[in-house]
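Inspection log for the structure reproduced underneath, given as structure tokens.
The values are calculated or read from the model by the stated rules, or taken from the named source; none is laboratory data. Every value quoted in this text rests on a predicted model; they were computed, and no experiment measured them. Note: ideal-geometry Cβ built from the backbone for every residue, glycine included; neighbour counts use all protein chains shown. When the accessible area is computed, the model is the full protein with side chains, heavy atoms only, and any ligands, DNA or RNA have been set aside. Shrake-Rupley method; radii C 1.70, N 1.55, O 1.52, S 1.80 Å.
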Amino acid sequence: QVQPVESGGGLVQAGGSLRLSCATSGRTFSSYAMGWFRQAPGKEREFVAAISWSGGNTYYADSVKGRFTISRDNAEKTVYLQMNSLKPEDTAVYYCAARRCISVLTTAGEYDYWGQGTQVTVSS
């Protein structure tokens, strides 16, 4: 079992960058697929990026492809989301999710464990 805890959110101007971190507890982090999702006010939670247990496979939503990069450090039990060229429409609460699985998972319902979220606000 892992408990994700997000950090790194904040206020940034359009075109700027942020790096989100998701630290986890538990001894088997390397067995978990990890994902990032986001939810803007009045909207449903949407997929952002996902990474396989080994880090060898990644997948991105079309809206962030080429701007965001997901990575993981299994020794540190942490997954990252580097966000560049941020846009006002990227404003949302960003959530980290985990599931013990070898695949890349892109649907919220596939994940078992969720963090509390971190707010990202991009001003125009």
Check which residues have an amide H placed less than 5 Å from CYS101's amide H, if you skip close sequence neighbours.
TYR32, ALA33
What shape does the range 43-86 take by its C-alpha gyration tensor, where a ≥ b ≥ c are the square roots of the eigenvalues and a/c under 1.5 counts as rounded, a/b above b/c as prolate, and the rest as oblate?
prolate
Rounded to whole Hz and in sequence order, give me ³J(HN,Hα) for the range 16-29 from the Karplus expression 6.51 cos²θ - 1.76 cosθ + 1.60, θ = phi - 60°, writing x for Gly and Pro.
x, 9, 9, 10, 8, 10, 10, 8, 10, 9, x, 9, 10, 3
To the nearest 10 square angstrom, how much accessible area does THR106 have with a 1.4 angstrom probe?
50
Accessible area of the chain belonging to carbon and sulfur atoms, whole % at 1.4 Å probe:
44
Between GLN119 and SER54, what FRET efficiency comes out of the Förster formula 1/(1 + (r/R0)^6) with R0 = 25 Å and r the beta carbon distance, rounded to 0.05?
0.25
Non-local residues with an amide H under 5 Å from the amide H of GLY117, with H modelled 1.01 Å from N and Pro and chain starts lacking one, are GLU6, CYS96
In whole Hz, what ³J(HN,Hα) sequence does the range 83-90 give by Karplus (6.51, -1.76, 1.60; θ = phi - 60°), x for Gly and Pro?
10, 10, 6, 5, 10, x, 6, 7
Using only the heavy atoms of the protein chains and a 1.4 Å probe, how would GLU76, GLU46, GLU6 rank by accessible area, largest first?
GLU76, GLU46, GLU6
Sorted by chain and number, the residues with a modelled amide H under 5 Å from that of GLN3, at a separation of 5 or more or across chains, are SER25
Full extension from ALA40 to ASN74: what is 0.36 nm times the residue separation minus their Cα-Cα distance, to one decimal in nm?
9.3 nm
